[in-house]
Amino acid sequence: MADETPTTGDAPATGTGAIDPTFTPPSVPTEPSPAPSGDEPLGEGGKRALAAEREARRDLERRLKEVEPLAERYREIEDSQKSDLERLTEQLAAAEQRAQQAESDGLRMQVAAAKGLTPEQAARLQGATREELEADADQLRALFTPPEQSTSERPPQRTPVEMLRPGAIPDSDGAAADMNAWMRRKPPTTN
């Protein structure tokens, strides 16, 4: 069978599955087939039915022209309602974002108060969960807390002493000073 020559309309057999580029399929007739011989002109009833169909079509086209503006108005109203829906959706999203921000700020302030931070330091806390905020608060507090000093390296106390008095006031128990008595008690000096 491989040695057979192709006949008109058959694909050439040159090797296994090969396609011959010079192969052309047989021509197909392009002329329409003749109409059946049973087609007769319309009778009186057919003409009336055709006229009625044409009149119904014209009537429907007139009604369609009347309804088209109403349909356009309906589309406009529907589009305006969509914009209202979109506007409300945006407002809802903004409200949810504000609520989430308020929750985050409240949690941040709670953690700051529990860790002993100032409101200014609380504003610097970063984190999404309570655990993250607490860890950040511990780090921030460690940065602002001075390192503990031993008692031997302690700087002098800068708080006032309760009974400290200026040098011009005598060490009396608060009674008015008598200059004559003071002069008598003073040892004599020679100049």
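The values are calculated or read from the model by the stated rules, or taken from the named source; none is laboratory data. From a predicted model like this one, the values you see are computed outputs, not experimental measurements. Heads up, the Cβs are rebuilt from the backbone with ideal geometry, glycines too, and the neighbour counts pull from every protein chain shown. These area figures cover heavy atoms from the full protein model, side chains too; ligands, DNA and RNA do not enter into them. Shrake-Rupley method; radii C 1.70, N 1.55, O 1.52, S 1.80 Å.
Odds and ends about this structure:
- Model label points for A49 and Q97, set 7 angstrom from Cα along the Cα-to-Cβ axis, are 6.8 nm apart.
- Surface accessible to a 1.4 Å probe, K82 within the full protein complex, Å²: 110
- With R₀ fixed at 45 Å, the C-beta to C-beta distance from S80 to E132 puts the FRET efficiency at about 0.50.
- Between D59 and D178, the modelled labels are 13.9 nm apart [label points 7 Å from Cα along Cα→Cβ].
- Derived scalar couplings ³J(HN,Hα) [region 182-190; Karplus, 6.51 cos²θ - 1.76 cosθ + 1.60; whole Hz; x for Gly, Pro]: 5, 5, 5, 7, 6, x, x, 10, 10
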